[in-house]
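Let me begin by presenting the structure, written as structure tokens, before commenting on it.
Since every read-out is calculated from the coordinates, none of them should be taken as a lab result. The shown structure was predicted, so the numbers you read here are calculated from the model rather than taken from an experiment. Using ideal geometry, Cβ is built from the backbone for each residue, glycine included, and neighbour counts are taken over all protein chains shown.
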Amino acid sequence: MAATVDAESVCWCEIPAFDAVLTLSCEIPHYLGRKAVLAWNRHFGWFLGVPGLTQGNVVIIDGFGLGRLPEPTRCADRLVELIADLGQGDPPASSRRSAPRIVRAGSS
């Protein structure tokens, strides 16, 4: 998956929220200055987000909706769709999507 989406880095996590976080080279409209990340949870699949304002946090913007283990090319195509969709109109919090939520890497 990391090679398919041209990830800059991969972090394998030992936390309940995510099993892996991939940092991408692109940014998401309305979150300029923060690189896009893909977060994977073995139970729920892939999510698009950005790093939170504090170390170890991820702001989840949207899920891929492709299941737990989709083919990497399907994930790459869905990533392009999500970023293009987010680039149109208002920021996600004021659109049809629910507001982004912060997921902490460490225990709270």
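Give the long-range amide H neighbours of ILE61: residues separated by 5 or more places, or on another chain, with amide H under 5 Å away, using H modelled in the peptide plane at 1.01 Å from N.
Result for ILE61 returns LEU48, GLY49, VAL50.
For a test of the definition: using alpha carbon positions, the gyration tensor, and the 1.5 limit on a/c, classify the range 25-72 as rounded, prolate or oblate.
prolate
List, in order, the whole-Hz ³J(HN,Hα) value for each residue of the range 57-71 obtained from phi through the Karplus relation with A = 6.51, B = -1.76, C = 1.60 and θ = phi - 60°; use x for Gly and Pro.
9, 10, 8, 7, 9, 6, x, 6, x, 10, x, 6, 9, x, 4
Using a Förster radius of 22 Å, what is the FRET efficiency between ALA2 and GLU27 based on their Cβ-Cβ separation? Nearest 0.05, please.
0.75
Which net charge results when you count Lys and Arg as +1 and Asp and Glu as -1 among the other residues whose beta-carbon is under 13 Å from that of GLY67?
+3
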